[in-house]
Each structure stands twice: as C-alpha cells, then as structure tokens.
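The values are calculated or read from the model by the stated rules, or taken from the named source; none is laboratory data. Just so it is clear, the model here is predicted, and its values are computed rather than measured. Ideal geometry is used to build each Cβ from the backbone, glycine not excepted, and the neighbour counts take in all protein chains shown. We work out accessible area using only protein heavy atoms, side chains counted, and drop any ligands, DNA or RNA first. Shrake-Rupley method; radii C 1.70, N 1.55, O 1.52, S 1.80 Å.
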Amino acid sequence: MQAILTRGLRRSFGGREVLRGVDLEVDYGRVAALLGPNGAGKTTLIRILTTELMPHGGEAYVAGFDVVRHAGEVRRRIAVMPQDAKPITYMTPYEFVYSYLLLRGLSRLDARRAARDSLEELGLWEVRGTPIYQLSGGMARRVLVAAVLASNAEVVFLDEPTVGLDAVSRRVVWDSLRRYSDGGASILLTTHYIDEAELISDVVFLIDNGVIVSRGSPRELVNSLPGKYVVEYPATTNYDSCVKVGDICIAFVESLSEVREGALRVSHKSLEHYVLVTVKSWGEGYEEG
Amino acid sequence: MRRVRGGLRHQLRAILVLAWLNGLLPIARSPLWVVSTVAMPISLLILLAILYRGAGLIMGIVGGLVWTVLSSGTSLIGDAAYYRLELKFQQMIVATPTNPLAYAIGLALSEVVFALPGIALFAVLLVVTVPINQWGATAIAVSLALLWYSVSTLAFYSSTLFAYVRYTWAVVSIVTLVLGILPPVYYPATYLGKAWWLAYLVPTSASALVMQDAVGITHYSPAQIGLAYLSEAAWCLVGTLLVIRAARWRSP
C-alpha cells in the first residue's frame, strides 16, 4: 500500500482547470517534494489530499483511504502545515504544540511527551514558555513544524515549510523531516527552494500547469540533463542548443572549453537547472494554485 | 505511528481545549479584554440610569445581559475568520479527528469565557436591583442560553462567508447595531406599537422580551412570551442547520 496515490485527479476554480489529471504515488518512509512554478497546482493538490477541498474528478488515496469517501479515516492518519500558516501568537510554543496534539486526539501524557520531544528536536525547548509573538519569524515557523511532526501521523503534508527560515533553521527542519520519515512515515512537501528538494527528498514530482510533467529521484532527474556544466547566456543569445528561460538562455556543455563569449554564469548541472528547462509556464501562475 | 480516535469523548475534550486556548489563555494573558467586553453595555447602563433613573437602570441591566451575550457571538465572527483566513489554524484542525461542530462549539464556548465576567456583573446588579423569583431567574437563564446558542451558530456561519479577515471588522459593528440597538433590547417592545411583532425577527429582542417580563419592567401576555421562546428556538434551529451546512470542513 502506498502512502499517497492519485489517479487522474482534477480540480477547477471557475472556468480554470488547476489540476488536469494528476497521477502521483508516494511510498511510506519517503520524503517527496512537489516542485513547480506559482499557480501550478501544488497547494490545490495538498488541499485535496488533506480532505479540505473536493476534487472534481479522478481518485486520491491517502494511507489507503479514499479522500472523498473515507475522509474521517484519512484525517486520523495525517497532519498538515498549510501554506502561510501561523501559530497563535499569544500562546507559548509548548502550549501551541500541546493543545494541537490534544485536538489530534492524543492523551495528555502522550501529548506532553511528544510536545517536549518535538520542541527539543527543533531547538525550541529553551523558549517553550515564551509567548510566540516575542519569537523571531523563523522560530514561529518552527513551532508549526514542531506541532505537525509531534503528531506522529502516518502521512504529513507540508506546504512550503521553510519559507522565511534562515540557513541554520532550515537545516534543523530538514534533519527533523529526515528523522521523521526514517520512522516509516511519508512526507509530501511543496517548496520553491530547489536546493531543499534536492537535499532532503527521495523523490521529486515536477508539476506544471496542473499535470505532473516529471518525476524521479533528484539524482535521476539531474543525470537526465545532457553534458556536465550549465552555461547561462543573456536571452538575446542565438546559440542553437540554448534553452530560453525568462531573461536567460541555458546551454549544457561537456567541458569548459565549450563556453562561448558572453556567458553570464557557468556551474555544475543541478536540479534547479532541470526544473528551469522542464517547466514551460514560468510567470503564468494564478494566485490559487 | 500513533493512531488516534475521534469519538464523542474526543469531541467533548476538543471543545474544552478550544475554550481554553481561545478563551481562558488570552484572558489570563491580558485581563483588559474582559474590561473591553463590558465597556459598551456599562456605558449604556450608566446613560440610561442617569436619564431614566430606576426603570432606565433595570432596562440597562437587561440590555447589558443581552448585549454581553451578543458581543460573544460577534467576537466569534472575527475569531473564526481570523483562524481560517489568517492563521490557517482551521485547516490544521481539518486534518485531525476533531469535527466541525466541536470546533464551532469550542470557539463559541471560548467567547462565553470572555463574556462570563460581564454576565456575572449584570446578574449581580439585577439581583441587587430587582426581586426575582425562581421562575423569573430560570426564564432569564434559559433565554440567555438560547440566545448564546443561536447567536454563536449564526456567527460561525457568518464567518465562513468572508474571504478577507478585515471585512469582518465592519460587519461586526453593523451586526451589533442591527441586533443590539435597533430592536427592543434596551426599550420595551410595546414602544413599537402595532409593529411589536418585529421583536420576534431577531433573537436578541426575543430574548430581551422574556427578560423584561421576568424582571417585571414590562408585562407581556403569555402568548407573547410563548412566541418569544418559539422565536428563540427557531433561531437556534436555523443556526444549527447553517453550521451543519456551512461548517463542513471541505470546500465544494
């Protein structure tokens, strides 16, 4: 049984089809990253999988249960950190995590233990009694991650969990996510930080304009690019093998001797380059996506 | 993995947790909120007592009770919308065994926690000012409970209609005017003349009508009192149906 499985998932807003037949599967014990431009359908997909939004077509299963017909069963097995979510700021980190766990149905004893473990893991135990409004934005964000990971749910959905976090905080969150999935749980996260997806995910799904256009491990996707190096030229460049992306033109070369005059940047190929040349709808996104 | 249950016991506990986190905690952190809740009804009470002496004082106390319960409902509009639109807290709770009705009742109960000091204050003033028998006290308690339930359910439903949290601020003021000042809450329904039946159109004046009769400041016929209870019960039913319909976790 897969932790997440969708087949031909569709959803429209007004006349605009945001999801146009999404096929996706995530195994247990895996961290999956959903990458794509603004408005590609990432948040809509998360909202459907977390039973908050009805699909208009196709099928979706989470922890083996149909998200439409068995929403109650799904809700007992998942935890979600929505996009732009914020903790209740007059509460302390401990109060927020503890009360969230009680609302999830944990016993008081379990909730106390799990809250402590999670706050310690995310480096928040020292500030457990400080009102959240006195903490930095990054710490407040980590409080949400702590609450969701303390739930010990089978499948966890994180919609842009590291937005606004500094480099150290992001690593703290990444380590926690990795440890969490090592325990057998599945994590589906969306992110605009491609380096983040490359570092922590076992599998990457690239969504563009409402369909999954590519999938695989970060290494597989990067290796599918030609050459060894990536050279960026101005978009006005007219080299044959150059792929125009916004105001740059990307070329793949095997050796540095192939770099031509006018190059803006040369680097090793990475997942970011794969995403840049695979996505076709940069800058076309709507707000609801 | 930790499996969780979502039975009736969990729902009851969830209601208390929500009442704690949205009611008791903020009051404990900033007691000024309690003062702000009773500021307006006390202002009206003082004004009426100065202008109309004894009768004004009693009307001000009855109106204060209704207003305090009403304000707990109007606060719910803002809080529920804030949790849904700004914090996305409701979306986090969707993915838990806590059901929508428990969530709505928990938030409503938390608003009562804010209103309790005000209700206690006006109740004490009422007991000190007017002799009330057991039946009268029961009628007032039942009427306030029905008012709380109907106003809270209607408020929760209203909160689901907003797409932007700041829009709720204006609506709260309008709702307070329409439900707290315009209908016969601070004056007898008999002042409306032949249009006295208008008092039944909103739950606040139906409740005030019962209370005005119970404290003896205005006398209504048994049929009029019966209709007032009927009106309150009907608003409770409407509110429940709207919550069940609108508070489904999932957007269509």
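If R0 is 51 Å, what FRET efficiency do you get for residue B:28 and residue A:238 from their C-beta distance, rounded to 0.05?
With R0 = 51 Å, the Cβ-Cβ based efficiency is 0.15.
How large is ³J(HN,Hα) for each residue in the stretch A:130-138, as worked out from phi by the Karplus curve 6.51 cos²θ - 1.76 cosθ + 1.60 (θ = phi - 60°), to whole Hz, x for Gly and Pro?
Each residue's phi maps through the Karplus curve to give 8, x, 4, 5, 8, 8, 6, x, x Hz.
Please work out the C-alpha center-to-center distance from the stretch B:1-54 to the stretch A:155-206 and express it in whole Å.
Comparing the Cα centres of the stretch B:1-54 and the stretch A:155-206, I get a distance of 38 Å.
Could you compute the net charge surrounding residue A:244? Neighbours are other residues with a C-beta less than 14 Å from the C-beta of residue A:244; K and R count +1, D and E count -1.
-2
To the nearest 0.05, how large is the calculated FRET efficiency for residue B:238 and residue A:59 if R₀ is 41 Å and r is the Cβ-Cβ distance?
On the way: r = 37 Å, r/R0 = 0.90.
Efficiency at R0 = 41 Å is approximately 0.65.
I'd like the interface area for chains A and B: accessible area of each alone minus the complex, both sides summed, 1.4 Å probe, protein heavy atoms only. What is it in Å² to the nearest 100?
The buried area between A and B, both sides summed, comes to about 3700 Å².
For chain A, modelled as a GNM with alpha-carbon contacts under 10 angstrom, which of A:160, A:254, A:232 fluctuates the most?
A:254
Determine the shielding of peptide A:80-89 by partner chains: average, over its residues, the number of Cβ atoms on other chains within 10 angstrom of each Cβ. Kindly include the intermediate steps, with their values, before the conclusion.
Numbers: counts 7, 4, 8, 2, 5, 6, 4, 3, 8, 1.
Whole-number average of other-chain Cβ neighbours for A:80-89 is 5.
In the stretch B:126-186, what chymotrypsin sites (Phe, Trp or Tyr not before Pro) fall in a loop by DSSP, with at most 16 other Cβ atoms inside 10 Å? Present the calculation step by step, with values, prior to reporting the outcome.
Numbers: sites: B:135, B:148, B:149, B:156, B:157, B:162, B:164, B:167, B:169, B:186; in loops: B:162, B:164, B:186.
In loop regions of the stretch B:126-186 (DSSP not H, G, I, E or B), the sparsely surrounded chymotrypsin sites (Phe, Trp or Tyr not before Pro) are B:164.
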